[in-house]
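Values quoted throughout were computed directly from the atomic coordinates according to the rules given, and no laboratory measurement underlies them. What you see is a predicted model; the values in this text were computed from it and never measured. Glycine also receives a Cβ, built like all others from the backbone with ideal geometry; neighbour counts cover every protein chain displayed.
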Amino acid sequence: MSRDPRYDVLFESVRIGPVVSKNRFFQVPHCNGMGYRDPSALATMRAVKAQGGWGVVCSEQAEIHPSAEICPFIELRVWSDQDVPMLARIADSIHEYDALAGLQLCHNGMNAPNLYSREIPMGPADLPVFSVFNDPVQARAMDKQDIRNLRKWHRDAALRAKRAGYDIVYVYAGKLFGGPMFFLSRRFNDRTDEYGGSLENRARLLKELIEDVKDAVGDSLGVGCRISMDEMIGEEGFHAAEARDVIAHLGEAPDLWDLTLSSWDNDSQTSRFADEAYQEPFVLGVKQLTTKPVVGVGRFTSPDTMVRMIRQGVLDFIGAARPSIADPFLPEKIREGRMEDIRECIGCNICVSGDHTASIVRCTQNPAMGEEWRRGWHPEYIRPKESDSRVLIVGAGPCGLEAAMMLGRRGYNVALADRGKALGGRLVQERRLPGLSAWGRVVDYRAGQLAAMPNVEIFYDSDLTAEDMLEFGFNHVVLATGAVWRRDTVSRNMLHAASLMDAEVLTPDDIMAGKRPAARDVLLYDDDHYYMGGVLAELLAGEGFAVTLVTPAAEASSWTHNTMEQHRIQARLIECGVTIRAHRTLQKAAGGRATLACTFTGRAEEVPCGAIVLVTARLPRNRLAQSLRDKSAHWQEAGLHSVTVIGDALAPGTIAAAVWSGRRYAEEFDTTPDPDALPFRREVAELLPFDLHAVLAR
């Protein structure tokens, strides 16, 4: 294939101070839950991005000093020369594929509770830290010596980055993570000295840091500044007009401007609440304020949108975090004219949840993300087949589709059978729910890939029995038959089924299939806490039902704090007229009344209840597996070697978990894993010299 010439502009080189990017694809800094804990996994993940054609590949934030560390989040550190070898491994891995390596230096300032270092946080004023968990920690106002120290720490960190082999270093003043932003924002900065008051004064620290870093490494490294264009709270905070004034004031100081929104939840909004290129209004006109290149983000997945950003003078670089996670080879596919092979980001933010749970990054679209070094998985490649085995996969949901696609890439003959009339399993219906249409890309990408594989056959309307499968002569049967929502209250907070007597009870499966309550007042009981309860409440409220969402949690869809959208979900439900009753369990229902109990005191109350929608737990569809196992005596005669249950049919979980399960099956097929061996590699820290008696001597 050849590239459409209209995309040629994306492959022009761009200068960043003393270094040059080979194209306009810029993987902006993004967290990943690996940081200082998993350096080899991190290095390999970044290297795959470089292999995929990104001109610039940046680290996540690298904490420059223990006076600003954000434990429990696991980021990089550049505290001392001890960190240089680890950082060099990452830079060297990126350079293997001809990309520039960027290191985002960061002093978190008032964002850092310092739970690990136990140092007192610092900021422009004496205020509580602005941390995710509302830590009972207060920052102290920085004096002039603190500012001099901070400037030296940035300079020292930049020199370490240079020794580690990086091409670009950042001064970070964005998203209320980078400490200088607390000086920029008037709501945090009430100083009366030369670092407070006027915008020029509030920008003084940022200017000095850029100048210090430029002086230290600017002869050989590009120096970027990451800045937030708006806190999204009006003039109370740092807003678009001020951001433009700062850029105009400092326009030529750095070699690159990296534009974001503040805070992170605004900068990385889910597809449920924001479309592609949603940040464009905030960055328009910035290029006219500086001659230096500008990079911005907006969950860019369309090459046409990318070209428009460049042609219309909005951006110089196409920045991406989440799209580079979903498809590390996005630039290479555009370069080669393989648009149909792009694995588009669905904007679900399951990747973000890794950082919020101190676990390794994961992706719904790209199950290899985070597993490149640990398990040896690659987003594009998989080893060839090792036998002529024929495989039947039953169930064409996210798990079955992934297993079929990857087995097909290995070269096996695969039959994919589903009892429905369309591919997608749970996503056939879920993609039609409010705000979730982009999630359908999980199906669309895999359906397109499978359609081009002559060794994979797809069968619809196939409600197979165990007898059918034994007659077909397949060597291996894979059951990816999914799960169904429970029709009772059993879930996390209630392990027994409440008595619902004569109540009309519906499940998410009923609602998604088109069934609606006969009554107009609906009690939706959500003990699942992810997206489903909130989405269904929004759907029913939009159709005119009076909805009360009852949950044992403190708020609706509480787990979505990890995807940074809970506050938007809560606001949307309130705006839709949904009543939210938190800290309540559903005890029983009868005669048009439901009894709720307080999760703290057990105190009961009755509320009107016309119909009940239960969003509780799910049950795996495993009867077919059991039926096959009951006939295991006939397997050898039928040529059947194995029956394996995967995905939701094994244990219901997220769509990302289902896709990952399908990939794992394809990776491990025709192998015999040792059940006693670790299924992945891990990196164990080297022990320093240790003298217990010297440590404990008094």
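The dipole here belongs to segment 218-301: it is taken about the Cα centre, uses +1 on the Cβ of Lys and Arg and -1 on the Cβ of Asp and Glu, and is about 260 debye.
3J(HN,Hα) along segment 48-60, derived from phi through the Karplus expression 6.51 cos²θ - 1.76 cosθ + 1.60 where θ = phi - 60°, amounts to 4, 4, 4, 4, x, x, 5, x, 10, 10, 9, 6, 6 Hz, with x in place of Gly and Pro. Shape analysis of segment 379-445 places it in the oblate category; the axes a ≥ b ≥ c from the Cα gyration tensor give an a/c of at least 1.5, with a/b not above b/c. When peptides 459-471, 165-177 are ranked by their average number of other Cβ atoms within 10 Å per residue, the highest-first order is 165-177, 459-471.
So which of Lys22/Lys162; Lys287/Lys333; Lys421/Lys631; Lys22/Lys333; Lys22/Lys49 end up more than 24 Å apart, counting from Cα to Cα?
Result: Lys287/Lys333; Lys421/Lys631 exceed 24 Å.
Annotation: the antiparallel percentage among DSSP beta bridges lying fully within segment 5-356 is about 10.
Please work out which option in (i) 75, 61, 52; (ii) 77, 68, 63; (iii) 89, 81, 50 gives Cα extents along the principal axes in Å calculated from these coordinates, and answer with its label. Looking at Cα extents along the principal axes in Å for this model, the match is (ii). Dividing the convex hull volume of the alpha carbon atoms of segment 5-356 by its residue count, what do you get in Å³ per residue? Spread over its residues, the Cα hull of segment 5-356 gives 117 Å³ apiece. Sorting the segments 475-483, 197-205 by their mean number of nearby beta carbons within 10 angstrom, highest to lowest, gives 475-483, 197-205.
Highest average first, the peptides 215-228, 512-525, 377-390 ordered by how many other beta carbon atoms sit within 10 Å of their residues are 215-228, 512-525, 377-390. Over the chain, what is the percentage of antiparallel beta bridges among all DSSP beta bridges, to the nearest 5? So the antiparallel bridges amount to about 20 percent of the total.
Only sites in a loop by DSSP and with at most 16 other Cβ atoms within 10 Å count here; which trypsin sites (Lys or Arg not before Pro) in segment 599-628 make the cut?
Arg603
To the nearest 10 degrees, how steep is helix 441-451 against the longest Cα principal axis of the chain, on a 0 to 90 scale? Helix 441-451 and the main axis of the chain meet at about 70 degrees. Taking a straight Cα-Cα cut-off under 29 Å and skipping sequence neighbours fewer than 8 places away in the same chain, the lysines within cross-link reach of Lys588 are Lys515.
Of the chymotrypsin sites (Phe, Trp or Tyr not before Pro) found in segment 51-147, those in coil by DSSP whose Cβ has at most 13 other Cβ atoms within 10 Å are Tyr116, Phe133.
Only aspartates and glutamates eight or more places from Lys385 in sequence, or on another chain, were considered; those with a Cα closer than 18 Å are Glu402, Glu457, Glu667, Glu668, Asp670.
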